[in-house]
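Accompanying notes for the structure given below.
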Amino acid sequence: GYGWKTVPCRCGHDSLSLYIMKTKWIDRVRRLAAGLLLGSMLLPGCRKQGPEDASRLDEETRSQREYVNTFAYSVMNVYYLWRDEVEEGMKSWLTTDEPIGKVADLRYKDAQGKDVDRWTVLTDDFAGMQGSVSGHTKSFGLDFMLFYADQSQSRIYGAVTFTYAGSPAEKAGLVRGDVFRTVGGKEMTPDNYVDLLTQSIYGGGSIQLGLTDGRTVQMTAVDMYENPVQHSCILERGDKKVGYLHFTSFTLDACEALVDVFRGLTEAGIDEMVLDLRYNGGGYVTTEELLASMLAPKAVVAAGEVLSTEVYNAFLTKEWGNEPTCFRTSFEISSGGTKKILSTEGANPDLKRLYVIVSGSSASASESLVCVLRPYMDVILIGRQTYGKYCAGALIGAENWYESVKDDLDDGMYEKALPYVDNWGIYVMYARYADCNGDTLSMPDGIVPDVEGQDNPMDGKALGDPSESLLSIALDLMDGQAPSQTRAGGRPSGLEFLPEAGLRPGFGVLVGGFH
């Protein structure tokens, strides 16, 4: 009696109250945006009141909640990885519930009430969420780390880690190692720094930073593409050529640039490779698979060995099966409304070993990449324990969802819903990624590095400089030397950095090809 609507399935399974078409993975990636599901629907007439007095809601709020809840419930009831575990909570979902809070409350938790699922989220700014994942966003083009400025931990400073090419931050003269002590004229403290950063740097307007060297920097955010292929080079180490790539996000638009970089590295005949993912919070599965297919040994790719597997909820497992994803050399990339086929032929340097620089900001696709490569090659991690984002999520817009199921809705419901769901969407966890053996290295708390080392943006070295704190460790290991205790140890210059996982909004994104 909660008003769920059972919809007959057009593929012949009339007993199902959920509708989804089973496809091969490559087709799912390409076609789910066109709409392949119809979840159990919340009836428009469901007015059962919860703890909040629904009778006091105005008609506008009531209508918006009705249509947003219908969308969110239907998506969760098909895709959600922990669907069976939260079944009782799903039954109490009302059309009058505040939808963002309802999804947050419903997320799977452990026995102590702590979120196991830290990532599923409903938003009324879906365009902003998509922009943060695609790399096309309003931004200052600035990345930074926070640290305590004194032993009493009463003040917080920010250290610039890198800036994006052509960004307001770069044009303002900010470089790695610059330290800001004030934001908008105010010093950061443990009590105010989250609000200050949210309202200023993450707010997308204008900002004034006061630097410790006496400079004051004024910037205004612009709409820009934050190109994640930050820096690549070849380092000469005796008779060895070492490729280096600083890569900050697995965006779809990065795929072509990645292929170009690896073609250059392959033509140069590199012997070793350092992949710097210390600031990479994840991105699209497709980009991860493309990068993995250029890093894995050639014989593994040529044989089409299993690259990864995914674990779904019981319903999706029954509908989709467990077909793995395999290494390949041809990729269909859909970005910005266009499709192109990318080939990785000539872009695989045939490595037997890979050095990866990581930190607590390395998440999701970064962790998955390490996970899927380790069965096939020696992957040596340097830095700090990774974040621990072990799920793939789907970005699904409410308007697109209503479009995909409009033929199955009550007459007029589609047209009525559209004004109320504009720019609403959900990022829902639908799978746990795993390697060819079904193992997920980053679950539950991240991957422990083989050699510990602390990123220190104030070491005076640019990223890609052989003497930079973490890159130097990788090069020492290649040379058969034990990294010095200074470089491999804990806190540079006695500083204590704040936990990295909490510094970047939208952190830990891995998107499995949904739209």
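Scanning the stretch 335-391 for residues that are under 20 Å from GLU305 (Cβ atoms) and among the polar types (S, T, N, Q), which turns out most open to solvent (accessible area, probe 1.4 Å)? It comes out as SER343.
Restricting the first member to the stretch 223-250 and to residues that are closer than 19 Å to ILE357 by Cα, and the second to residues that are among the basic types (Lys, Arg) and outside any strand (DSSP E or B), no beta-carbon pair is closer than 7 Å while six or more apart or on different chains.
Against the definition (of a type outside the set (A, V, I, L, M), in a helix (DSSP H, G or I) and open to solvent by less than 30 Å² (accessible area, probe 1.4 Å)), how does GLY177 come out, yes or no? For GLY177, the condition - of a type outside the set (A, V, I, L, M), in a helix (DSSP H, G or I) and open to solvent by less than 30 Å² (accessible area, probe 1.4 Å) - is not met.
Each residue in the stretch 419-440 was checked for being within 20 Å of VAL306 (Cα to Cα) and among the β-branched types (Val, Ile, Thr), and 1 pass.
The single condition from (1) over 15 Å from LEU277 (Cβ atoms); (2) open to solvent by less than 50 Å² (accessible area, probe 1.4 Å) that ASP445 fails is (2). Checking each residue in the stretch 121-135 for being at pLDDT 90 or above, touching a strand residue (DSSP E or B) at 6+ places or on another chain (Cβ under 8 Å) and surrounded by fewer than 21 Cβ atoms within 10 Å (Cβ to Cβ) picks out VAL121, THR123.
Only one of the listed residues (LYS91, LYS102, LYS138) is in contact with a Phe, Trp or Tyr (Cβ under 8 Å, 6 or more places away or on another chain), basic (Lys, Arg) and either under 30 Å from GLU170 (Cα atoms) or buried (at least 17 other Cβ atoms within 10 Å of the Cβ) (or both). That residue is LYS102. Output the residue which, of all residues in the stretch 243-274 that are hydrophobic (A, V, I, L, M, F, W, C) and within 23 Å of ARG432 (Cβ to Cβ), is surrounded by the fewest Cβ atoms within 10 Å (Cβ to Cβ). By that ranking, first place goes to LEU252. Of all residues in the stretch 195-245, exactly one satisfies the criterion of being in a loop (DSSP other than H, G, I, E, B), under 22 Å from the mean Cα position of the chain (by Cα) and either polar (S, T, N, Q) or more than 14 Å from THR137 (Cβ to Cβ) (or both), namely ASN227. Is it the case, given these coordinates, that ASP276 is within 24 Å of GLY383 (Cα to Cα) and in contact with a His (Cβ under 7 Å, 6 or more places away or on another chain)? Spelling it out, ASP276 is indeed within 24 Å of GLY383 (Cα to Cα) and in contact with a His (Cβ under 7 Å, 6 or more places away or on another chain).
Testing VAL160 on (1) in contact with a Pro (Cβ under 8 Å, 6 or more places away or on another chain); (2) surrounded by 21 or more Cβ atoms within 10 Å (Cβ to Cβ); (3) assigned to a loop (DSSP other than H, G, I, E, B), one condition comes back false. Which one is that? It is condition (3) that VAL160 fails. The number of residues in the stretch 141-157 being open to solvent by 50 Å² or more (accessible area, probe 1.4 Å) and free of Cβ contacts under 8 Å to residues at least 60 places away in the same chain comes to 4. From the set of residues in the stretch 275-311 that are in contact with a Lys or Arg (Cβ under 8 Å, 6 or more places away or on another chain) and open to solvent by 10 Å² or more (accessible area, probe 1.4 Å), which is farthest from THR344 (Cα to Cα)? Ranking the candidates gives VAL311 first.
The values are calculated or read from the model by the stated rules, or taken from the named source; none is laboratory data. No experiment lies behind these values; they were computed from the predicted model shown. Here Cβ is always computed from backbone atoms with ideal geometry, including for glycine, and neighbour counts include all displayed protein chains. Note: areas computed on protein heavy atoms with side chains; ligands, DNA, RNA excluded. Shrake-Rupley method; radii C 1.70, N 1.55, O 1.52, S 1.80 Å.
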